[in-house]
Structure formats: C-alpha cells, structure tokens
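What follows is a short report on a single structure.
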Amino acid sequence: MKYDNNKSGNGGVITLNNETDEVGRLTYTIFPEENKMIISFVLVHPKFEGRGMGKYLVEEALKFARENNWKVYPHCSYARSVMNRMNDVEDILLQR
C-alpha cells in the first residue's frame, strides 16, 4: 500500500493505493494561522470496505498533522468515530 498526499493551497487529499487501484481517500483543510487541520471526508471504495482502510487513512492524516504541529478537528463523522476510539490522540484532537 502506498499513500500520496496531494496538497493544494490550504487543502489536500491523501490517497491510499494498492498496486493497481485507489483504495480510498481523505480530504482535509489546513488553517495555518490556527495550527489546525480539519478532516473533511474519508472515502473507502466499496470493494475495499471492512478491512480497516479508512482507519489507515485517518492514521496517515494524524501523522501528517503531528509532523506539522497541528491540532486536528474531525469534521467527518467517520474520522471522529475512529479518533474517539484511539488512545494516543488526546494531544492533537480538537473537540467542538
């Protein structure tokens, strides 16, 4: 599996790909003046659902946020659900 982070302006898309297909994607927006990243949307294509691929995308976004010292607000309900079950995100998780 391979991650690609395509940044454009204050936003971007992290894609997860296997050898031949896009497995899923996560979209985000960055507010650099607030040191904040918002996860807007997580999508896993139907033939890859149920294998934890969405969680892998969220984990990759969190890694990217930590590298840049950003807090993360999971606007996407799936990302929020994943992060609420994780034990090691208290340092970067933003609640409403």
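Looking at the range 1-13 only, could you name the residues that are out of contact with any helix residue (DSSP H, G or I) (no Cβ under 7 Å at 6 or more places or on another chain), loosely packed, with under 15 Cβ neighbours inside 10 Å and part of a strand (DSSP E or B)? K2, D4, N6, K7, S8, G11 - these are the residues of the range 1-13 that are out of contact with any helix residue (DSSP H, G or I) (no Cβ under 7 Å at 6 or more places or on another chain), loosely packed, with under 15 Cβ neighbours inside 10 Å and part of a strand (DSSP E or B). Of all residues in the range 27-41, those that are part of a helix (DSSP H, G or I) have Cβ atoms under 8 Å from Cβ atoms of residues that are not charged (D, E, K, R), 6 or more apart or on another chain, in P32/N10.
Close contacts from the range 54-78, counting a first residue that is part of a helix (DSSP H, G or I) and buried (at least 22 other Cβ atoms within 10 Å of the Cβ) and a second that is at pLDDT 95 or above and among the aromatic types (F, W, Y), with Cβ to Cβ under 7 Å and a gap of 6+ residues or different chains, come to G54/Y78; A61/Y28. Report whether or not L16 is on the phi < 0 side of the Ramachandran plot and in contact with a helix residue (DSSP H, G or I) (Cβ under 7 Å, 6 or more places away or on another chain). So L16 passes the test.
For the range 28-48, a tally of residues being in contact with a strand residue (DSSP E or B) (Cβ under 9 Å, 6 or more places away or on another chain), within 17 Å of R66 (Cα to Cα) and surrounded by fewer than 18 Cβ atoms within 10 Å (Cβ to Cβ) returns 5.
The values are calculated or read from the model by the stated rules, or taken from the named source; none is laboratory data. Here the structure is a predicted model, which is why all the values come from computation and not from measurement. FYI the Cβ positions are ideal-geometry reconstructions off the backbone, even for glycines, and counts take in every protein chain you see.
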